[in-house]
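In what follows, a structure is listed as structure tokens, so that the remarks can point back to it.
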Amino acid sequence: MTKPKKKPVKIAFFDRDGVINSSKINNGYIGKLKDFKWIPGAKKTLKYFKNNGYKLIIVTNQSGIARDYFTLKDLNKINRYIRNSLLKINVKIDAIYFCPYHIDGVIKKYKKKSSLRKPNNGMFKLAQKRWNIDKKKSFMIGDQKTDMIFAKKSRIRGFLFSSSNLFNFVKKSIKLTDLN
């Protein structure tokens with residue numbers, strides 16, 4: 001007997017640093033909670049997509065772990081903070097996927113190439129194992145070329161964010177009617 005096909009879901013993928021987090025210190029290696037700063041409009045954006053039936057997934061390269069700038073425990077603290085801050089406004093993050101690996105790492109267990117590291121789409125594939133992703137209705141918002149390559153490899157739309165307010169960017173750039 002074959003398993004019934006899961007209902008297709010639409011997913012909004014977000015990069016973390018530069019999209020949800022505005023902090024530009026430490027060359028972008030944000031591993032301490034005190035350094036995480038919500039980008040203007042980020043919470044409103046996440047609530048907007050959640051209210052429009054999207055699953056919310058953060059996909060983020062975190063090679064600062066491999067480089068020994070911060071620890072997995074530090075990263076988990078930030079992830080908990082993100083989740084808890086959003087729960088206060090009734091927004092649930094459905095998943096946070098991250099890649100702690102980098103070929104130039106100094107921590108041996110994290111010093112390697114990984115299919116999880118963007119521009120590869122290993123984190124998308126992890127989401128695909130969990131959900132039947134409707135690729136026509138799903139998209140990625142990122143601030144780097146690697147995020148756009150991730151989107152292209154995943155066969156979803158990519159939106160390159162380069163302004164100071166995420167919600168204003170979304171209202172101008174992403175028409176839900178084009179995705180539905």
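Using C-alpha pairs under 8 Å with a sequence gap of at least 6, the mean separation divided by the residue count of the stretch 64-170 gives a relative contact order of 19 percent. A protection proxy built from the mean count of other Cβ atoms within 10 Å ranks the segments 165-176, 38-49, most packed first, as 38-49, 165-176.
Could you check what % of the DSSP bridge pairs in the chain are antiparallel, to the nearest 5? Antiparallel bridges: around 5 percent, rounded to the nearest 5.
What's the local net charge at Lys108, with K and R +1, D and E -1, over the other residues with C-beta under 15 Å away?
+3
Using just its DSSP H runs of length 4 or more, each adding -39500 (n - 2.57), the chain gives a mean residue ellipticity at 222 nm of -9000 deg cm²/dmol after division by all residues. Per-residue Karplus couplings for the stretch 62-77, computed as 6.51 cos²θ - 1.76 cosθ + 1.60 with θ equal to phi - 60°, are listed in order as 10, 5, x, 5, 4, 7, 6, 7, 7, 10, 4, 4, 4, 5, 4, 5 Hz, Gly and Pro entered as x. Each residue of the stretch 110-122 was assigned a 3J(HN,Hα) from its phi angle through the Karplus curve 6.51 cos²θ - 1.76 cosθ + 1.60 (θ = phi - 60°); the sequence is 9, 8, 6, 6, 8, 6, 6, 6, 5, x, 5, 10, x Hz, with glycine and proline shown as x. Cut-off under 23 Å on the C-alpha distance; same-chain residues fewer than 8 positions from Lys32 excluded. Which lysines are left, in chain and number order? Here the lysines satisfying the reach criterion relative to Lys32 are Lys24, Lys43, Lys73, Lys77, Lys88, Lys92, Lys108, Lys109, Lys111, Lys118. Could you tell me the center-to-center distance, by alpha carbons, between the stretch 56-98 and the stretch 100-171 in angstrom? With the stretch 56-98 and the stretch 100-171 each reduced to a Cα centre, they are spaced 14 Å.
Averaging the sequence gap over all C-alpha pairs within less than 8 Å and six or more residues apart, then dividing by the number of residues, gives the stretch 107-180 a relative contact order of 26 percent. Placing unit charges on the Cβ atoms of the charged side chains and taking the dipole of the chain about its Cα centre, the candidate lying farthest along the positive direction among Ser162, Leu75, Ile57 is Ile57.
Computed with a 1.4 Å probe on the full set of protein chains, the accessible area for Val59 sits at about 0 Å². Dipole check for the chain: with +1 at the C-beta of Lys and Arg, -1 at the C-beta of Asp and Glu, and the Cα centre as origin, the magnitude is about 700 Debye.
The values are calculated or read from the model by the stated rules, or taken from the named source; none is laboratory data. Nothing here was measured: the structure is a model prediction, and the numbers come from that model. Neighbour counts run over all protein chains shown; Cβ positions are idealised from the backbone, glycine included. Just the protein is used for accessible areas: all its heavy atoms, side chains included, with ligands, DNA and RNA removed. Shrake-Rupley method; radii C 1.70, N 1.55, O 1.52, S 1.80 Å.
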